[in-house]
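The values are calculated or read from the model by the stated rules, or taken from the named source; none is laboratory data. Just so it is clear, the model here is predicted, and its values are computed rather than measured. Neighbour counts run over all protein chains shown; Cβ positions are idealised from the backbone, glycine included.
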Amino acid sequence: MTSIWVYTIDGKKSMQLTGPFADDREPVFSKDGKYLFFVSNRDFDYRYKEFEDRIYAGTLAGETPSPLAPLSDEEKPAPDVKEKDEKKESADEGGVKIDKIDADGFADRVVALPEPAGRYYGLTAVEGGLVFLNEDHELKRYDIEERESKTILENANSYQVAAGGKKFLYKSGSDYGIADLAPGQKPGTGKLDLSTMEMRIDPVTEWRQIYHDAWRIMRDWFYDPDMHKVDWEAMRDKYAVLLPHLAHRTDLDYIIGELIGEVNAGHTYVFSGDEPRVERIEVGLLGCELRAEGDYYRIEKIYAGENWEEGTRSPLTEPGFNVGEGTYILAVDGEEIRTDVNFYRSLENKAGIQVTLTINEKPGMKGSREIVVRPIPSELNLRYIDWVERNRRVVDELSGGRIGYMHVPNTAHDGYKEFFKAFQPLSGKEALIIDERYNGGGHSPYRMAQILGNKIASYWAVRHGDMFRTPFPVHEGPKVMLINGLSSSGGDAFPFYFKKLGVGPLMGETTWGGLIGYGYSPRFVDGGGMAVPGFSFVNTEGEWNVEAVGVDPDIYVFDDPTLIQAGREPMIEKAVEYLLEELGKRPVEKIEEPEGPDRN
């Protein structure tokens, strides 16, 4: 929870204005000194089970009318010359004159501006109102008198209002521009031509500055002010002797990595800055495996996709092609492709671009046909889907359909998506295998662990069909989670919470051991940066845990690569064996709908 405080310049007086709410932030005083605008996430969005932002305004003085007080239809007298001059002087100075702040009762004087709940940031007070950005990257201006907001500019990433309040500098995509601070501006208005903008840089001097900035940033933003008992000044001097010998920006990244590695913490990554990069040419891929057979290439395997999404589209499986495994690809865009050349030379720079394939069921042009496909830049998602489906089939076959299988690739967007996509249809299985091997982490996985541990609270009988349950989806049968040394970060937290909530045992090998988090920290002058761990894991016994040690399995299983190469799945086989034994000991009971009540 964060609150908003006001401090006097001399520091002798402070006043707490807001709180205790989840998150009050981005406070700005109105130009006339009457209001405090701020963002707070006091609204709960039931659909997504999370809090959302709104913009709020509170009167600083108790006698000031609310900015949403009922409007009068009476004509306002024109301001006198003195009042006009005072307003102009205040605007010219760019300052805000605040006569009085009544901290007591401020929370009761706060109102929400008539903007829908969402995400808001970048608040700036201007004459007569407020400018802000929303989650749709719209730059908007709220007018206090008109009680409404109007869009100034769409597709705005960031902005800065000029001192006079009439113009603003904006960034839209990779473009910068200067425009009037008025509704209806278009991206590209007042675009600045930066093509001839050059800066003279002494790389060695800049690299020295970046190095010392990195040392300071880690010192000031690391979660432990004692720096894990490391002599941080000594570390600065230890690696600084290498600075005169740097010959490339990547050399600097290397010594920064060595420097911040001295704190012996996970998530201490280095992000490259301004340096020459080789432009990569994407090769188009067809979502298949090819085998050279005789004079031509034959399709040996076609990967199934989920063609309703571009990121999982498998080109050869799209409707109307009727391409099967065993088909020969004879030519690409009319150029015959034989096995004495690399097939993928013909697909260089063709990702996302239509190409014509000449195909045939036999290795020859006679009887061939043409199809037009759009290659993809990567087959990784298709191969992942194939791996998951294969594991699901193995579990289904070994358990006779009694056990369900899901894989959670990370704890970010994709991981949550795969979890919810799989959990609902599998909730009717007697037991579940939750595979989080190779989980790449992301955000907190607690919600997924919590859902897996939910208990049925009630049933609901309907006229047609089986009873349904609350909560939904829910699963009360035995479960096991598969882990390995590449379950990392959020992939360390997921099994920890799974076990902590008593959902089931962990099976496999000890996880990576990187449960320390990072968020915002300053970037370097050339756009580079580094991850600075700002929070580290502590268990409910008040002990450091997981970070640097990982999460141990309850049942150790070695994923023998020789068995995997032979088509076996040691962990999955052991998990099925364990769950079938558990089902034998404690069969899942099905609650039957009772006979209809007699209320005659």
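Evaluate the stretch 579-600: report whether one residue or more is on the phi > 0 side of the Ramachandran plot and out of contact with any helix residue (DSSP H, G or I) (no Cβ under 7 Å at 6 or more places or on another chain).
Initially, the stretch 579-600 is screened for residues on the phi > 0 side of the Ramachandran plot, giving none.
Scanning the stretch 579-600, I find no residue that is on the phi > 0 side of the Ramachandran plot and out of contact with any helix residue (DSSP H, G or I) (no Cβ under 7 Å at 6 or more places or on another chain), so the answer is no.
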Strands (runs of 3 or more DSSP E) within the stretch 383-473 that include 1 or more residues at pLDDT 95 or above, crowded, with 17+ Cβ neighbours inside 10 Å and of a type in the set (D, E, K, R): 431-435
Residue within the stretch 509-522 that is touching a Gly at 6+ places or on another chain (Cβ under 9 Å), more than 23 Å from Gly257 (Cβ to Cβ) and hydrophobic (A, V, I, L, M, F, W, C) present: no
Test: residue in the stretch 366-373 that is under 30 Å from Phe494 (Cα atoms) and surrounded by fewer than 17 Cβ atoms within 10 Å (Cβ to Cβ): no
Selection within the stretch 211-229 - in contact (Cβ under 8 Å) with a residue 40 or more places away in the chain and not in a helix (DSSP H, G or I): Phe222, Tyr223, Asp224
Qualifying positions in the stretch 290-319 - under 36 Å from the mean Cα position of the chain (by Cα) and assigned to a loop (DSSP other than H, G, I, E, B): Tyr303, Ala304, Gly305, Glu306, Asn307, Trp308, Glu309, Arg313, Ser314, Glu318, Pro319
Unmet requirement for Pro377, which otherwise passes all of (1) in contact with an Asp or Glu (Cβ under 6 Å, 6 or more places away or on another chain); (2) surrounded by 16 or more Cβ atoms within 10 Å (Cβ to Cβ): (2)
Matching residues, the stretch 265-291, being exposed (fewer than 14 other Cβ atoms within 10 Å of the Cβ), in contact (Cβ under 8 Å) with a residue 24 or more places away in the chain and farther than 19 Å from Gln354 by Cβ: Tyr269, Phe271
Residue check, Gly94 among the small types (Gly, Ala, Ser) and at pLDDT 80 or above: no
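So is Asp108 outside any loop (DSSP other than H, G, I, E, B), at pLDDT below 95 and under 19 Å from Asp24 (Cα atoms) or not?
Values: outside any loop (DSSP other than H, G, I, E, B): yes; at pLDDT below 95: yes; under 19 Å from Asp24 (Cα atoms): yes.
The answer is yes for Asp108.
Give the residues of the stretch 558-592 that are closer than 27 Å to Glu476 by Cα and under 32 Å from the mean Cα position of the chain (by Cα), sorted by residue number. Talk me through it step by step, then tell me what you get.
Narrowing the stretch 558-592 to residues closer than 27 Å to Glu476 by Cα: 569-592.
Across the stretch 558-592, the qualifying residues are Glu569, Met571, Ile572, Ala575.
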Residue that is nearest to Ala125 (Cα to Cα), among those in the stretch 154-178 that are of a type in the set (S, T, N, Q) and in contact with a Lys or Arg (Cβ under 6 Å, 6 or more places away or on another chain): Ser158
Residue within the stretch 566-583 that is of a type in the set (Ser, Thr, Tyr), at pLDDT 95 or above and not in a helix (DSSP H, G or I) present: no
Failed item in (1) assigned to a helix (DSSP H, G or I); (2) free of Cβ contacts under 8 Å to residues at least 24 places away in the same chain, with Ile255 passing the rest: (2)
Sole exception among (1) in contact with a Phe, Trp or Tyr (Cβ under 9 Å, 6 or more places away or on another chain); (2) closer than 20 Å to Gly490 by Cβ for Glu379, by number: (2)
Pairs where the first residue, in the stretch 107-128, is not assigned by TED's automatic domain parsing to the domain that holds Lys171 and the second is among the small types (Gly, Ala, Ser), C-beta under 9 Å, 6+ apart: none
Residue in the stretch 204-219 that is nearest to Pro244 (Cα to Cα), counting only those that are surrounded by fewer than 16 Cβ atoms within 10 Å (Cβ to Cβ) and over 28 Å from the mean Cα position of the chain (by Cα): Val204
Residue within the stretch 548-571 that is farther than 30 Å from Gly404 by Cβ and touching a residue at least 12 places away in the same chain (Cβ under 8 Å) present: yes
Out of Lys171, Lys166, sole residue that is touching a Leu at 6+ places or on another chain (Cβ under 8 Å), in the same structural domain as Tyr121 (by TED's automatic domain parsing) and in contact (Cβ under 8 Å) with a residue 12 or more places away in the chain: Lys166
